Amino acid sequence: MAFAAFSTSTTAPEPAQRRKSPVALLLLLPGILYLVLFFLAPLVSLLLTSFQAPSEFGDVGQYSYAFRWENYVDVVAAYWPHIMRSFGYALIATVLALVFSYPLAYFIGVKARAWPLLQSLMLVLVIAPFFISFLLRTLAWKQLLSDESFVITSLKALSLLAPDAHFTGTPFAVIFGLTYNFIPFMTLPLYTTLERLDLRYLEAGNDLYARPFDVFRKITVPLSMPGIVAGTLLTFIPAAGDYINASRDFLGGPDTQMIGNVIEANFLVLQNFPAAAALSIILMSVILVIVSVYVKRAGTEELL
Amino acid sequence: MKLSLGKWLLPLYTLLALIFLMVPIVYTFVFSFNDSLKSNITWRGFTFDKWLNVCQVQNGSVCEAFGNSILIGVVATVAATTLGTMIAIALVRYRFRFRSQTSLLLFLPMATPEVVLGAGLAAQFLSLGVPKDMFTIILAHTMFCISFVVVTVKARVASLDPALEEAGRDLYGSASQVFARITFPLLLPGILAAALLSFALSFDDFIITNFNSGAVTTFPKYIYVSAARGIPAEANVIASAVFIFALVIVVTAQVSRAAREKRLAKQS
């Protein structure tokens with residue numbers, strides 16, 4: 001539902017003038033203080049934890065503050081496949097979600113403009129997956145894609161699928177789950193920009209004898225760039241950090257574990273807090289670099 | 001022939017795409033009527049039992065987890081909506097130093113993967129020796145909801161006509177009267193939308209909760225923990241009921257907005 005974050009902030013008109021007043025401090029202070037205490041300070045804790053070394057005579061899970069930067073070397077060496085897999089899966093899922101969502105958002109935002117009721121009904125259907133538990137809808141796919149499910153058995157009976165085809169536990173299933181779960185994050189920002197698309201630009205292109213494909217490529221796509229940028233970020237960031245879809249109890253298997261699974265296992269099961277912290281810092285840094293480069297390249301800095 | 005096919009391709013695709021999006025929802029709903037035993041994987045026949053006895057003894061923990069989720073959601077929503085609305089008003093109405101730093105601080109939690117937010121808070125609670133329970137979950141949920149409240153309410157504050165408040169002041173309304181009688185009622189739709197969004201985010205959150213919940217079980221955590229040995233159909237009942245409830249709220253909001261727009265269009 002984060003789409004609101006990216007779509008509304010760009011449309012808000014600036015008020016006539018902003019006053020300077022001590023009231024501002026009073027309004028800001030509690031919330032900002034809260035974020036400093038429970039967002040910034042935890043990031044600092046995470047950074048400090050990532051350099052911790054095992055306590056000399058301590059049990060498992062006991063660490064003391066140090067500057068053991070080798071933690072980073074160790075986790076990258078140990079979990080390189082998981083790190084690459086996370087960004088690879090997230091990238092593929094983002095591209096698939098974009099390809100899936102663009103025509104859908106185009107129809108709802110452009111073609112259905114004449115029927116506002118139909119438009120809002122379709123939008124409700126797009127966000128409907130949000131209303132059912134994330135974990136349950138992922139499990140539903142697990143059951144539908146399992147070898148015994150009626151979908152798979154009937155496809156196999158019809159010879160539309162190889163008899164030894166197998167989905168759950170494969171990268172295919174994980175990427176499928178990531179794509180499905182984050183489609184609404186892609187469709188909604190696309191819809192908000194396409195809904196405001198001025199059709200006269202398209203008409204102008206047609207009048208100048210541009211082929212429909214060129215009109216799409218040179219007019220529609222550039223004008224919907226803010227939606228594409230917001231949608232891809234809103235899909236990519238949670239997908240790269242997700243560990244539900246890749247979990248063994250859900251759509252994944254032993255060979256599909258992502259960085260989130262490793263962070264969870266190290267933190268909550270193995271109690272190797274420095275490793276989990278180092279992996280979190282790596283994940284966050286890579287995402288921040290990708291986000292800032294991508295936003296600069298796409299030329300939509302005001303989006304943030 | 002070719003022309004009509006092209007014309008129907010996009011609507012047809014949209015229809016199929018929307019059906020695809022509904023598949024797991026329909027599945028979850030249908031299996032809430034399954035006469036299942038312990039796990040709910042194969043279809044064993046239709047029954048209303050699970051709906052009528054959601055909180056029966058052996059599965060009472062589903063309802064307990066659900067109750068925890070509601071409680072956490074309500075408290076975190078009230079806290080985040082209050083803090084976030086105040087920030088939103090300050091951002092739109094006032095000039096102050098460190099504005100860009102403030103915006104960055106508000107944007108970052110939304111750009112940070114949940115697993116990092118969860119692990120960070122857990123690392124902080126660990127180093128401070130804070131035991132993880134209901135309270136730490138509420139602290140965590142409030143944190144990630146604030147930014148979403150700010151962006152939702154900010155748009156509403158920005159679209160507010162300052163002339164309305166000036167009129168209130170001209171008529172000798174005190175600052176608190178102007179706020180209570182004019183500003184707040186006009187902001188209310190935005191605040192309500194932000195509160196609903198917060199509640200939805202909190203209610204469905206699993207990743208951050210998992211890192212900061214200790215022994216407390218929320219509804220998503222219950223599903224995660226039982227996923228290995230099979231989810232009881234009662235979980236499907238609760239999820240389906242929540243789904244229907246949320247759908248009713250959203251559809252009502254849409255219909256009333258459409259009606260209001262129609263009325264306004266008639267007046268002008």
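The values are calculated or read from the model by the stated rules, or taken from the named source; none is laboratory data. Note that this is a predicted model, so its numbers are computed, not measured. Note that each Cβ is placed from the backbone with ideal geometry, even for glycine, and that neighbours are counted across all protein chains shown.
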Next item on the list: Of the numbered conditions (1) buried (at least 18 other Cβ atoms within 10 Å of the Cβ); (2) more than 10 Å from residue A:42 (Cβ to Cβ); (3) touching a Pro at 6+ places or on another chain (Cβ under 9 Å); (4) of a type in the set (S, T, N, Q), residue B:82 fails exactly one; give the number of that condition.
Entry: (1)
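Mind listing just one residue for me: the one in segment B:90-107 that is among the hydroxyl-bearing types (Ser, Thr, Tyr) and assigned to a helix (DSSP H, G or I) and, of those, surrounded by the most Cβ atoms within 10 Å (Cβ to Cβ)? Even if it seems obvious, please write down each step before you answer.
Initially, segment B:90-107 is screened for residues among the hydroxyl-bearing types (Ser, Thr, Tyr), giving B:94, B:100, B:102-103.
From what's left, assigned to a helix (DSSP H, G or I): B:100, B:102-103.
On the way: B:100: 8, B:102: 19, B:103: 14.
Filtering first and then ranking leaves B:102.
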Note to self: Based on this model, can you work out whether residue A:281 counts as within 30 Å of residue A:110 (Cβ to Cβ) and surrounded by fewer than 23 Cβ atoms within 10 Å (Cβ to Cβ)?
What the structure shows: no
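Whether any residue in segment B:174-193 is β-branched (Val, Ile, Thr), within 24 Å of the chain's Cα centre (by Cα) and either surrounded by 18 or more Cβ atoms within 10 Å (Cβ to Cβ) or farther than 29 Å from residue A:121 by Cβ (or both) is what I want to check. Can you show your working first?
Step one: of segment B:174-193, the residues β-branched (Val, Ile, Thr) are B:178, B:182-183, B:191.
Then drop every residue that is not within 24 Å of the chain's Cα centre (by Cα), which leaves B:191.
Imposing the further condition that a residue be either surrounded by 18 or more Cβ atoms within 10 Å (Cβ to Cβ) or farther than 29 Å from residue A:121 by Cβ (or both) reduces the set to B:191.
Yes, segment B:174-193 contains a residue that is β-branched (Val, Ile, Thr), within 24 Å of the chain's Cα centre (by Cα) and either surrounded by 18 or more Cβ atoms within 10 Å (Cβ to Cβ) or farther than 29 Å from residue A:121 by Cβ (or both).
Just wondering, is there one or more residues in segment B:250-264 that are under 14 Å from the mean Cα position of the chain (by Cα), surrounded by fewer than 23 Cβ atoms within 10 Å (Cβ to Cβ) and under 28 Å from residue B:147 (Cα atoms)?
Step one: list which residues in segment B:250-264 are under 14 Å from the mean Cα position of the chain (by Cα), which gives B:250.
Then keep just the ones that are surrounded by fewer than 23 Cβ atoms within 10 Å (Cβ to Cβ); that gives B:250.
Next, only the ones that are under 28 Å from residue B:147 (Cα atoms) stay: B:250.
Yes, because at least one residue in segment B:250-264 is under 14 Å from the mean Cα position of the chain (by Cα), surrounded by fewer than 23 Cβ atoms within 10 Å (Cβ to Cβ) and under 28 Å from residue B:147 (Cα atoms).
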Notebook entry, point to check: Is it the case that segment B:237-257 has a residue that's modelled with pLDDT under 95, among the charged types (D, E, K, R), not assigned by TED's automatic domain parsing to the domain that holds residue B:116 and not in a loop (DSSP other than H, G, I, E, B)?
Noted result: yes
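Of these, A:39, A:6, which one is at negative phi and at pLDDT 95 or above? Reasoning before the result, please.
Working: A:6 fails: at pLDDT 95 or above.
Result: A:39 is the single residue among A:39, A:6 that is at negative phi and at pLDDT 95 or above.
Against the condition facing chain B (nearest Cβ under 10 Å) and part of a helix (DSSP H, G or I), how does residue A:98 come out, does it pass?
On the way: facing chain B (nearest Cβ under 10 Å): no; part of a helix (DSSP H, G or I): yes.
The answer is no for residue A:98.
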Note to self: Here is a check on your reading of the model: is residue A:274 touching a strand residue (DSSP E or B) at 6+ places or on another chain (Cβ under 8 Å) and within 12 Å of chain B (Cβ to nearest Cβ)?
What the structure shows: yes
Check: What number goes with the only condition from (1) of a type in the set (Lys, Arg); (2) out of contact with any helix residue (DSSP H, G or I) (no Cβ under 9 Å at 6 or more places or on another chain); (3) within 24 Å of residue B:225 (Cβ to Cβ) that residue B:97 does not pass?
Finding: (3)
Notebook entry, point to check: in contact (Cβ under 8 Å) with a residue 40 or more places away in the chain and not basic (Lys, Arg), is that true of residue A:65?
Noted result: no
Item checked: Candidates A:170, A:153 - the one that is of a type in the set (S, T, N, Q) and either within 22 Å of the chain's Cα centre (by Cα) or crowded, with 19+ Cβ neighbours inside 10 Å (or both) -> A:170
Checklist line | Members of segment A:149-177 that are of a type in the set (S, T, N, Q) and either in contact with a strand residue (DSSP E or B) (Cβ under 9 Å, 6 or more places away or on another chain) or not in a helix (DSSP H, G or I) (or both) | finding: A:149, A:159, A:168, A:170
Check: Mind checking which pairs have a first residue in segment B:250-266 that is under 20 Å from residue B:195 (Cα atoms) and a second that is surrounded by 10 or more Cβ atoms within 10 Å (Cβ to Cβ) and modelled with pLDDT of 85 or more, Cβ under 7 Å, 6 or more apart or different chains?
Finding: B:250/A:124; B:251/A:124; B:254/A:120; B:254/A:124
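Of all residues in segment B:109-125, which are part of a helix (DSSP H, G or I) and facing chain A (nearest Cβ under 7 Å)?
Pass one, segment B:109-125, residues part of a helix (DSSP H, G or I): B:109-111, B:114-125.
If the condition is that a residue be part of a helix (DSSP H, G or I) and facing chain A (nearest Cβ under 7 Å), then B:109, B:110, B:111, B:114, B:115, B:116, B:119, B:120, B:121, B:122, B:123, B:124 are the ones that fit.
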Next item on the list: Taking the options B:199, B:211, B:243, B:206, name whichever one is over 19 Å from residue B:25 (Cα atoms) and facing another protein chain (nearest Cβ under 9 Å).
Entry: B:211
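In this structure, does residue B:219 turn out to be within 26 Å of residue B:41 (Cα to Cα) and touching a Gly at 6+ places or on another chain (Cβ under 7 Å)?
Working: within 26 Å of residue B:41 (Cα to Cα): yes; touching a Gly at 6+ places or on another chain (Cβ under 7 Å): no.
No: the conditions fail for residue B:219.
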Check: Among the residues of segment A:178-198, is any surrounded by 15 or more Cβ atoms within 10 Å (Cβ to Cβ), within 11 Å of chain B (Cβ to nearest Cβ) and not in a helix (DSSP H, G or I)?
Finding: no
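To keep it simple, each residue is scored yes or no on (1) more than 21 Å from residue B:210 (Cα to Cα); (2) within 11 Å of another protein chain (Cβ to nearest Cβ); (3) touching a residue at least 40 places away in the same chain (Cβ under 8 Å).
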residue: A:231; (1), (2), (3): yes, no, yes
residue: A:239; (1), (2), (3): no, yes, yes
residue: A:257; (1), (2), (3): no, no, yes
residue: A:264; (1), (2), (3): no, yes, no
Notebook entry, point to check: Taking segment A:90-118, which residues are buried (at least 22 other Cβ atoms within 10 Å of the Cβ) and out of contact with any Leu (no Cβ under 8 Å at 6 or more places or on another chain)?
Noted result: A:94, A:97
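State the number of residues belonging to segment B:168-223 that are touching a residue at least 12 places away in the same chain (Cβ under 8 Å) and not in a loop (DSSP other than H, G, I, E, B). Before you say what the answer is, go through the steps one by one.
We begin by selecting, within segment B:168-223, every residue touching a residue at least 12 places away in the same chain (Cβ under 8 Å); these are B:168, B:178, B:181-183, B:186-187, B:189-191, B:193-223.
Within this subset, residues satisfying the condition of being not in a loop (DSSP other than H, G, I, E, B) are B:168, B:178, B:181-183, B:186-187, B:189-191, B:193-204, B:207-212, B:219-223.
Summing the residues that are touching a residue at least 12 places away in the same chain (Cβ under 8 Å) and not in a loop (DSSP other than H, G, I, E, B) in segment B:168-223 gives 33.
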Check: Since residue A:28 meets every condition but one in (1) exposed (fewer than 13 other Cβ atoms within 10 Å of the Cβ); (2) within 9 Å of another protein chain (Cβ to nearest Cβ), which condition does it not meet?
Finding: (1)
